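Chemist: Before we start, here is the structure in question, set down as structure tokens.
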Amino acid sequence: MKKNLLVTRSIGLLALTICVLLQSCDKGSGSLPFTVDESASAMEWKGYLKDGSGNNGTIKVSGQLLVNDKNQITGGHITLPLSSLISINLPTDELKAQLIHHLQSADFFDMAAHPEIVFKIISLTPDTDLPGSYQAFGELTILGKTNPVRFTVKVNFTEKSVEVTGATRLDRTLWGMRYATDENTADSMYVKPGIDVQFRLVATEH
């Protein structure tokens, strides 16, 4: 009888210890996952020729944001599948398909070898120069190469969701994407290194 009681107490103590440890981990991390709603989120891109004209389109967004109990984004990741690239401005479906095929080729994003673009969120800190805005800092991986990036965003919380909006310009040559950037390239063929992106992310608590 005493032996059974000892075993029961030991099991109870073990369960209590595990519970405390789990709570400590949760408290330590202090963040809950918010899943990006793909149907409510969007990212637009635009590339430019030498004369300032260019092409624009969209790409799907998925991922997860980590949010603490103070309504602060503490981390997360955003994934952009290159198979979801869409051209908007070209006049025919044939021209749109040609552009997307070229962007997905080894000349640009090399989708066969690197099917996704990934942004890892490291921190969001209040922007002292722009009230209500934040400086987002993280690591952007394109073509298998990772570079640090920083840009301004606005964040809006509701009861169970968060909206993040922003825009930035990326220099694609920093990730080794140098197609049509040689200064000797004919003006009509030259593609500027900068790619403009603007986005709206909506993530909900799960």
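The values are calculated or read from the model by the stated rules, or taken from the named source; none is laboratory data. These numbers come from a predicted model, not from an experiment. Neighbour counts run over all protein chains shown; Cβ positions are idealised from the backbone, glycine included. With ligands, DNA and RNA removed, areas are computed over all heavy atoms of the protein, side chains included. Shrake-Rupley method; radii C 1.70, N 1.55, O 1.52, S 1.80 Å.
Chemist: Between His206 and Asn184, 0.36 nm times their residue separation minus their Cα-Cα distance comes to what?
Modeler: 2.7 nm
Chemist: Just the number, please: carbon plus sulfur as a percent of the accessible area of region 123-206, 1.4 Å probe, no ligands or DNA/RNA counted.
Modeler: Its accessible area is 51 percent carbon and sulfur atoms.
Chemist: Could you let me know the centre-to-centre spacing of region 131-176 and region 51-113, using Cα atoms, in angstrom?
Modeler: Going from one Cα centre to the other spans 14 Å.
Chemist: Also, quick follow-up: Specify whether the C-alpha gyration tensor of region 57-142 places it in the rounded, prolate or oblate class, a ≥ b ≥ c being the square roots of the eigenvalues: rounded for a/c under 1.5, otherwise prolate if a/b is larger than b/c and oblate if not.
Modeler: prolate
Chemist: Another question, then. Across the chain, how many lysine pairs, 8 or more positions apart or on different chains, have C-alpha atoms separated by under 18 Å? Please give the number.
Modeler: Total qualifying Lys-Lys pairs in the chain comes to 11.
Chemist: Any idea what the dipole of the chain comes to, in debye rounded to 20, about its Cα centre with Lys/Arg Cβ at +1 and Asp/Glu Cβ at -1?
Modeler: About 1120 debye.
Chemist: Let me ask you something else. To the nearest 10 degrees, how steep is helix 2-29 against the longest Cα principal axis of the chain, on a 0 to 90 scale?
Modeler: That works out to roughly 30 degrees.
Chemist: Would you mind putting 160-173, 125-138 in packing order, based on average other-beta-carbon counts within 10 Å, highest first?
Modeler: So the peptides 160-173, 125-138, ranked by packing, come out 160-173, 125-138.
Chemist: If I model a spin label as a point 7 Å beyond the Cα along the Cα-Cβ vector, how far apart are those points for Leu143 and Ser53 in nm?
Modeler: Distance between the two pseudo-spin positions: 2.6 nm.
Chemist: Please state the relative contact order of the chain as a whole percent: Cα pairs under 8 Å, 6+ residues apart?
Modeler: 22
Chemist: Still on this structure, please answer the following. About the Cα centre of region 36-112, how large is the charge dipole given +1 on each Lys and Arg Cβ and -1 on each Asp and Glu Cβ? Please answer in debye to the nearest 20.
Modeler: Approximately 160 debye in magnitude.
Chemist: Turning to a different aspect of this structure: Relative to the longest principal axis of the chain, what angle (0 to 90°, nearest 10) does the C-alpha long axis of helix 93-103 take?
Modeler: Its long axis makes an angle of about 70 degrees.
Chemist: Based on the mean of other Cβ atoms within 10 Å per residue, sort peptides 179-188, 101-110 so the most packed one is first.
Modeler: Final packing ranking: 101-110, 179-188.
Chemist: Given the -39500 (n - 2.57) contribution per DSSP H run of 4+ residues, what per-residue ellipticity at 222 nm results for the chain, rounded to the nearest 500 deg cm²/dmol?
Modeler: -6500 deg cm²/dmol
Chemist: If you average the sequence gap of Cα pairs under 8 Å that are 6 or more apart and divide by the length of region 119-206, what percent do you get for the contact order?
Modeler: This gives 22 percent for region 119-206.
Chemist: OK, next. Could you tell me what fraction of 2.2 N^0.38 Å the Cα radius of gyration of the chain comes to, as a two-decimal ratio?
Modeler: 1.38
Chemist: Please calculate how many Å² of accessible area region 37-137 carries per residue, with a 1.4 Å probe and no DNA, RNA or ligand atoms counted.
Modeler: 55
Chemist: Determine, from the Cβ-Cβ distance of Lys120 and Asn89 and an R0 of 25 Å, the FRET efficiency 1/(1 + (r/R0)^6), rounded to the nearest 0.05.
Modeler: 0.25
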